[in-house]
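Engineer: Here it is, the structure in full.
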Amino acid sequence: MAEKINNYENTNRLFDKAADLIELDEETRLLLKTPFREIQVEVPIRTDAEELDVFVGYRVQHSAARGPMKGGLRYHPEVDFDEVRSLASLMTWKTALVNVPFGGAKGGITCDPRQLSENELERLTRKFIERIGFAFGLHLDIPAPDVNTNAKVMAWIMDQYAIQNGYTTGIVTGKPLELGGSPGREAATGRGVSLITQAAASDFQIPIAGARIAIQGFGNVGSFAGLLLQRAGAKIIAVSDHTGGIQNEAGLDAEALFEHVRQHRGVAGFPGDQITNEELLTMECDVLIPAALGGVITRENAADVKAKMVVEAANSPITTIADEILGERGIHVVPDILANAGGVTASYFEWVQNIQVFTWDEDKVNDEIEKYMLPAYQTVRNIMRDRQVNMRTAAFSIAISRVAEAERIRGGL
Ligand code: NAD
């Protein structure tokens, strides 16, 4: 029987493991697990053919204990409350783990953007903001890009928000540079994946020079992670995405693949042997980086994963049962809330620059990303070693302690 995935329940199971480790009381568990606010809106638009189409949009604001809520917007057919709720909760733990002064939120619209024209996508985005914008604010909730949303979509959001509320650059991050976007933001999540992969590889005795890496997804996160890991000396031996997959044991040229994907909107057609997404996940390699969607490593294929280490560049790519199987098999897993936190870290810098009305240069942004990511990694590794737990439980326990402490000091109950 196929594994039924209940995203929010899965995330809360991970939460409980870490809460057990820090002996968190029941009341605080209840408080931290319950989302602060959930919003659903109808998003009707006129299609290019002048027909009415009605979509549904969501925003789950999980926690504002440590600061304004922060999280991406996803446009995908599988977006629903369960997925958004789980991703919002992960944002709370992620921002706490890297110690940026934000809470967690997530949102999205259930749609297939590949079936929509650019004009339809813009109308959809603007109508969504018209109806849900009241919940956003510079010191309240700040959206960002996620799957199938990008700087262009963020610009529409900023403009639509400005029509209703006045010019507020910092209302959204991941914007184009011309509108107050931050240098280095586009590559930041992949940069963080690359930094954390190198740190973990060194701790798990996997030399990064010549390390054989397979990446699922070559969008924003996967492509920059691949490029930067190749520059660090690793070999990208396989890449797959929604258009197919390619493999080359001698190493794919990540720079050329990057250009190819920009031109052709997918890896299909790039020179190399063909490989399916399923084959990539279970191929012989040193490091496997799922950087596409959630729930790709499951009870069905976890026993076949041959990587020495899996780095979760995507959010929740491993189900809880699969996570246990990988653990039992001695495969190291670097959890999403650590591995992909470079994006929200750079988003924090973008927000700070917008508030300061002052732009940093890219080197400063990249240096600051390291200053937040590497200490976060070291704290996780220390807890992992001291308490003899896996990296995920260590990471969650640090994040939960910080949010619990913020709630406790704020009081009000
Ligand atoms: P993106 O839209 O730029 O890229 C998504 C990639 O996944 C593409 O290569 C696409 O082809 C591939 N893909 C989609 N459906 C697929 C399928 N069925 N099989 C195989 N590949 C498929 O998105 P992104 O921003 O790179 O996000 C990727 C993941 O990283 C998501 O889980 C997202 O939540 C997470 N993430 C993104 C950021 C960010 O800053 N963009 C930050 C943290 C986490």
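Engineer: What is the local net charge at GLY272, summed over the other residues whose Cβ is closer than 11 Å to its Cβ (Lys, Arg +1; Asp, Glu -1)?
Structural biologist: Around GLY272, the charge tally is -3.
Engineer: Extending each Cα 7 Å along its Cβ direction at ALA250 and PHE204, get the distance between those two points in nm, one decimal.
Structural biologist: Spacing of the two 7 Å Cα→Cβ label points: 2.9 nm.
Engineer: Another one. Going by average Cβ neighbours within 10 Å, how do the peptides 367-375, 225-233 rank, with the highest at the top?
Structural biologist: So the order, starting with the most tightly packed, is 225-233, 367-375.
Engineer: If you don't mind, there's one more thing I want to ask. What residue among VAL60, VAL352, VAL193 has the largest mean-square fluctuation in a Gaussian network model of the chain, using Cα springs under 10 Å?
Structural biologist: Evaluated over the chain, the most mobile residue of the options is VAL352.
Engineer: Sticking with this one: Would you mind checking LYS175/LYS308; LYS70/LYS364; LYS235/LYS364; LYS106/LYS364; LYS17/LYS308 for any pair whose Cα atoms are more than 30 angstrom apart?
Structural biologist: Long pairs (Cα-Cα over 30 Å): LYS175/LYS308.
Engineer: What does the charge count near SER223 come to, summing +1 for each Lys or Arg and -1 for each Asp or Glu among other residues with Cβ under 11 Å from its Cβ?
Structural biologist: Value of the local net charge: -3.
Engineer: Quick check: residue separation of GLU178 and GLU26 times 0.36 nm, minus the Cα distance between them. What number comes out in nm?
Structural biologist: Result: 49.9 nm gained on full extension.
Engineer: If you count the DSSP beta bridges with both ends in the chain, what percent of them are antiparallel, to the nearest 5?
Structural biologist: Beta bridges within the chain, antiparallel portion: roughly 50 percent.
Engineer: Which shape class, rounded, prolate or oblate, goes with the stretch 36-168 when its Cα gyration tensor gives a ≥ b ≥ c as root eigenvalues, a/c under 1.5 marks rounded, and past that a/b bigger than b/c marks prolate?
Structural biologist: Prolate.
Engineer: Can I ask one more? Sort the following peptides by mean Cβ neighbour count (other Cβ atoms within 10 Å, averaged over residues), highest first: 381-387, 141-147.
Structural biologist: Averaged packing, sorted descending, gives the order 141-147, 381-387.
Engineer: Where the centroid of each part is defined by its Cα atoms, how far is the stretch 345-413 from the stretch 132-191 in Å?
Structural biologist: Comparing the Cα centres of the stretch 345-413 and the stretch 132-191, I get a distance of 21 Å.
Engineer: What is the chain's relative contact order, in percent, from Cα pairs under 8 angstrom and six or more apart in sequence?
Structural biologist: After rounding, I find 17 percent.
Engineer: Computed over the Cα atoms of the stretch 187-339, what is the convex hull's projected area averaged over all directions, in nm²?
Structural biologist: 7.6 nm²
Engineer: Further question on the same structure: Would you please classify the overall shape of the chain from the alpha carbon gyration tensor, given that a ≥ b ≥ c denote the square roots of the eigenvalues, rounded means a/c under 1.5, and beyond that prolate means a/b larger than b/c while oblate covers the rest?
Structural biologist: Cα axes put the chain in the rounded bin.
Engineer: Could you sort the peptides 82-90, 45-53 by per-residue average Cβ neighbour count (10 Å cutoff), highest mean leading?
Structural biologist: Final packing ranking: 82-90, 45-53.
Engineer: Here's something else I'd like to know. What accessible area per residue, rounded to a whole number of Å², is obtained for the chain using a probe radius of 1.4 Å?
Structural biologist: On a per-residue basis, 41 Å².
The values are calculated or read from the model by the stated rules, or taken from the named source; none is laboratory data. Treat the numbers as computed from the prediction; the structure is a model and nothing was measured. Quick reminder, even Gly has a Cβ in these numbers, built from the backbone with ideal geometry, and neighbours come from all protein chains shown. Surface areas here come from the heavy atoms of the whole protein model, side chains and all, with no ligands, DNA or RNA. Shrake-Rupley method; radii C 1.70, N 1.55, O 1.52, S 1.80 Å.
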